[in-house]
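The structure under discussion appears below in the form of C-alpha cells.
The values are calculated or read from the model by the stated rules, or taken from the named source; none is laboratory data. Note that this is a predicted model, so its numbers are computed, not measured. Cβ: placed from backbone, ideal geometry, glycine included. Neighbour counts: every protein chain shown. Quick note on the areas: whole protein, heavy atoms, side chains included, nothing else; ligands and nucleic acids left out. Shrake-Rupley method; radii C 1.70, N 1.55, O 1.52, S 1.80 Å.
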Amino acid sequence: MKRIWRWMPVVLPVFLSPVANAQELHIPTVDEVLNLRSVVSQVLSPNGRYLAYEIQHPDWQSDGYTQELVVEDLSGGGKVPVPSLDGVPSNPEWSPDGRWLAFVEHPKQGVSQIWAIPAEGGAAWQVSKSATNVGLFHWSADSRHIAFLTVQPDDAVKAREEQFGTFEVFGRDFQQTQLWSVDLEVSPGHRVSQPPVCLVCSAAFSIADFSWSPDSTKIVFTASDTPLLTAYSSQDIYLLDRSRGDEVRKIVGLPSPDFSPMFSPDGKKIAFLTWLGQRDFFYSNLHIGTIDVDGAWRHPVSSAGGVTDVTARFDENPFLLGWNGDSLYFSAEQKTNTHLFGVDSNGGHLRRITSGEDFVLDGASFSRDFKRVALLAEDASHVPELYVSDLAPLALRQVTHLTDQVQGWRLGRPTVVSWKSGDGTPVEGILYSPAEVDPSRRYPLIVDLHGGPANVSQATLSPGEAIYATQLLVAEGAFILQPNYRDSSGYGAAFRGRDLENIGASEAADVMSGVDFLLSKGQIDPQRVAVVGSSWGGYLTTWLAIHTSRFRAASESSGITDLVTNYSVTDNPAFYRQLFHGTPWNVADVYRKNSPVTTIGEAHTPMLLQEGREDKRVPPANAFELYRALQDNGVESRLILYSGFGHGFNNPKEMRAAIQVNLDWLHHYLWDKEIPRESPIWGSSETGDR
C-alpha cells in the first residue's frame, strides 16, 4: 500500500511548469484531492494497436469507487465505444488473437461475471455463468477457452447458520479457491459460451494464480493448503495437463513460497518467483527461477539445486512481467526509483530498459511480439500516466493527461536527500518542500513514515499514505520528510535485514538523524515537528512518540503497540517469527524490548490513533492497548475507529474523515489553530458547546 493519490486513481511524467507566483496558485481541498481520477490498470492489445485501461474515481452516493473502461486506438482512431453495463468493470484482458477484450463486471447486485466486447467496439456478451464471484481469469493461447478462479460456495456455513446462528470457527471457516474453465464458440454472428467446468476443485488446496501453456493444453498454477495468510509458506507450483485427462501434479515444492508461474514461449520451461527454499524469507531477495517442464513433471523440484536462478546477480526483488524468446522482463525498485529490466533466460545479460533517476514504474504490458510496450509510470511532476513506445529503442509517447487535473494547484516538489545515521549507515529520504520558501522564516516539519517496513518512499508528485495529505500540508507551508530507514526496500537485501533484533531503536536512529540533518540547515522550527505513519510506519511513529520528546504531535494508523499482543491476534504471525527468529514464548525479551508499549511511562507526545475495526493484519487490540496506556499516563490522545475497514481506508467518505482529522490535529499542534467545531475528530457528546 503505497502513495497518497496513487491510493485512489492517479497520473504521470511531465514536469509541471515552473511556479511563476505561488501566491496565485490554489491550495487544493480535501475533496479536490479525493475526486482526482486515476489509472488503475492497463493492457496493450496483442497487435499493439489498442490500449485498454481503467479510470477510477469516487462515487460519493454509494461511498465507494467506480471504474470506467477505456479503449484507445493508438493508430489515431480515438477512443473505441465501450458499452456501459450495470456495474464496475475490472481486470481487462485481450484474447491472444486480438479479437476480444474480456473483463470482470461487478454488478451492484448479484455475482461478478466475465464479459467480452469486440476489439473495435460493439455489444458486450456475458462469457461466464459462475455461481460465485469470478476473480482472476486468463484466455487460453488459442482464444477458445477462458479459465478463471472462484471461491467454492459456502453451503455448509449457510446450513449451519440456519440451525445455530452466526459465528466463526477461527482458522477453520474458509472456502478454497478453485480453477474453472469455460469453452467458447465464436464465429461471425455466433457467440456461445458453454457452461463452466471445474478443472481443479480439490479440497486439499486453494489456488492463487495461474498461466496457460502456449499450446493451450496445460495450466500451471500456484496453490497453498488454505487461502489464509498463515498458509503462505506452503505455496507450491502445480501443473494441470488437459491432454492427460486433467491430471494434476506438484512440480515445485520448495520450503519457502513459490508463485507467479509463466510458460516460456515454446512451452518447454516455466519461470516463477521464488525464495529458493529459504525458510526465513521475508527479508531475503526474491528470485526469478526457471525449471524444465517435462523434467519437473517426472521429478518434482524440491530443492534450490533444481532451479535455474535467473536473477542471482540482482540484489533486489524482481516482479515478473513477461517472457519473449530468450528474454524475461521484470520490474524492480532501485533506491527511490522503479524500473523495467530485461534478463537472458539463462541468467546471462541483465539490462535496465527504462532510464532516469526520477522514474517510478507502476505497471507494464506488451504486444504479443514484444515489439511494443505500454507503461504506467509517475515522477516528481506527474501523477501516474500511461505511455506507449517501441520496446527498443524506448521513446515514450504519453497517452493520458491526468496531471492536468492538478494544474494551478500549489504543490511541493520532492527531492532525494541523504544523511548518515548514528552508526554511519547511509540513509536516503524524500523531502517535499513548499513552492516558495522564505530563508528568513522557520517552517514546521512532518516526518511521514512508510509502512512495510520493506517498502520505499519515492520522489513522486503523489506521495505517501493518502490519509496524511502530504501535498495539502506542503501547500500550507510545511516540509515533509519521508525517510527510507533501514529495512526499506530498494537498497538491497543487506539493508532490509540490518539489526532486526533491535529493529525499533535502529530504525528510529535513522529517522532522528534525518530530522537532525534538516534542523542543521536552519529552515525547520524545532518546536514544530510532528511524526505520522501507517502500518509499520504507525509502529515506528508510536515508538518515536514514546521514546523521544522531540515531536510536538504524532498521528498513527494501523500500527503495532505490543508485539506480543499483535503476534497473538495478527493473520501473519510468521512474519514476526522470521523477524525475531522465534515466538514471544521463546524469545520474549526481544519482543518486549521492541514493543513501544514497554516504555509507555516515558510517553508525553499527544497522539492521534485511527484504526479499522476489521483490521486482521494489525488488529485494533493494539490501538485499544495504546489508547488506554496513554490515557492512564495522562497523555492527550484520541482514538477513532472506522467500522467495516481492515488494514487501510478504501471508501471516499471515510477517507475524507481520516484526512480531515489529521489536518485538524496537525493544524492545532503545529500552527496553533483551534480545531473547528465541525471537525470529525469530535465525538457526538462533544458537539455542543466546548
Residues of the range 233-260 being in a loop (DSSP other than H, G, I, E, B), touching a residue at least 12 places away in the same chain (Cβ under 8 Å) and open to solvent by 10 Å² or more (accessible area, probe 1.4 Å), which ones? Q235, D246, G253, P255
Listed residues M8, M1; which is at pLDDT below 95, closer than 25 Å to S558 by Cα, surrounded by fewer than 23 Cβ atoms within 10 Å (Cβ to Cβ) and not basic (K, R)? M1
Out of W94, W115, which single residue is open to solvent by 30 Å² or more (accessible area, probe 1.4 Å), of a type in the set (A, V, I, L, M, F, W, C) and within 26 Å of F366 (Cα to Cα)? W115
Can you tell me how many residues in the range 136-151 are under 22 Å from the mean Cα position of the chain (by Cα), more than 23 Å from D266 (Cα to Cα) and open to solvent by 30 Å² or more (accessible area, probe 1.4 Å)? 1
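Within the range 579-591, is even one residue part of a helix (DSSP H, G or I), in contact (Cβ under 8 Å) with a residue 40 or more places away in the chain and either within 27 Å of A658 (Cβ to Cβ) or among the β-branched types (V, I, T) (or both)?
There is at least one residue in the range 579-591 that is part of a helix (DSSP H, G or I), in contact (Cβ under 8 Å) with a residue 40 or more places away in the chain and either within 27 Å of A658 (Cβ to Cβ) or among the β-branched types (V, I, T) (or both).
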Residue among V88, V104, V82 that is open to solvent by less than 50 Å² (accessible area, probe 1.4 Å), without any contact (Cβ under 8 Å) to a residue 24 or more places away in the chain and out of contact with any Cys (no Cβ under 9 Å at 6 or more places or on another chain): V88
Pairing a residue in the range 411-438 that is among the aromatic types (F, W, Y) with any residue that is not in a strand (DSSP E or B), where Cβ atoms lie under 7 Å and the two sit 6 or more apart in sequence or on different chains, gives W419/S513; W419/G514; W419/F517; Y432/G412; Y432/P463; Y432/T470; Y432/V474
Restricting to the range 344-362, what's the tally of residues that are more than 20 Å from N324 (Cα to Cα) and β-branched (V, I, T)? 1
Of all residues making up the range 483-536, the number that are touching a helix residue (DSSP H, G or I) at 6+ places or on another chain (Cβ under 8 Å) and among the polar types (S, T, N, Q): 4
Do you know which residues across the range 423-447 are within 22 Å of H668 (Cα to Cα), part of a loop (DSSP other than H, G, I, E, B) and open to solvent by less than 40 Å² (accessible area, probe 1.4 Å)? P434
Considering only the range 656-682, how many residues are part of a loop (DSSP other than H, G, I, E, B) and either among the β-branched types (V, I, T) or open to solvent by 30 Å² or more (accessible area, probe 1.4 Å) (or both)? 11
Selection from the range 26-46 of residues that are open to solvent by 60 Å² or more (accessible area, probe 1.4 Å), more than 22 Å from the chain's Cα centre (by Cα) and among the charged types (D, E, K, R): E32
Any residue that is of a type in the set (F, W, Y), open to solvent by less than 60 Å² (accessible area, probe 1.4 Å) and modelled with pLDDT under 95 - is there at least one of those in the range 215-230? no
Pairs with Cβ under 6 Å, 6+ apart, first in the range 214-226 and acidic (D, E), second surrounded by fewer than 23 Cβ atoms within 10 Å (Cβ to Cβ) and not in a strand (DSSP E or B): D215/G267; D225/A231; D225/S234
Given (1) surrounded by 24 or more Cβ atoms within 10 Å (Cβ to Cβ); (2) within 19 Å of the chain's Cα centre (by Cα), number of the condition A454 does not satisfy: (1)
Looking only at the range 258-310, which residues are farther than 25 Å from N324 by Cβ and under 25 Å from the mean Cα position of the chain (by Cα)? W275, G277, Q278, R279, D280, F281, F282, Y283, S284
Working only within the range 342-352, note down all residues that are open to solvent by less than 10 Å² (accessible area, probe 1.4 Å) and either under 17 Å from W275 (Cβ atoms) or not β-branched (V, I, T) (or both). G342
Filter the range 84-96 for residues that are acidic (D, E) and at pLDDT below 95 and give the result. D86
Search result, residues across the range 554-573 that are surrounded by fewer than 22 Cβ atoms within 10 Å (Cβ to Cβ) and either over 22 Å from P584 (Cα atoms) or of a type in the set (V, I, T) (or both): V564, T565, V569
Condition first: open to solvent by 60 Å² or more (accessible area, probe 1.4 Å) and either of a type in the set (S, T, Y) or over 29 Å from T570 (Cα atoms) (or both). Now tell me which residues in the range 168-213 satisfy that. W180, D183, E185, P188, G189, H190, R191, Q194, P195, V197
Please find, within the range 594-629, the residue that is nearest to F645 (Cα to Cα) out of those that are more than 30 Å from the chain's Cα centre (by Cα) and assigned to a helix (DSSP H, G or I). R628
Considering only the range 381-416, state which residues are touching a helix residue (DSSP H, G or I) at 6+ places or on another chain (Cβ under 8 Å) and open to solvent by 20 Å² or more (accessible area, probe 1.4 Å). W409, R410
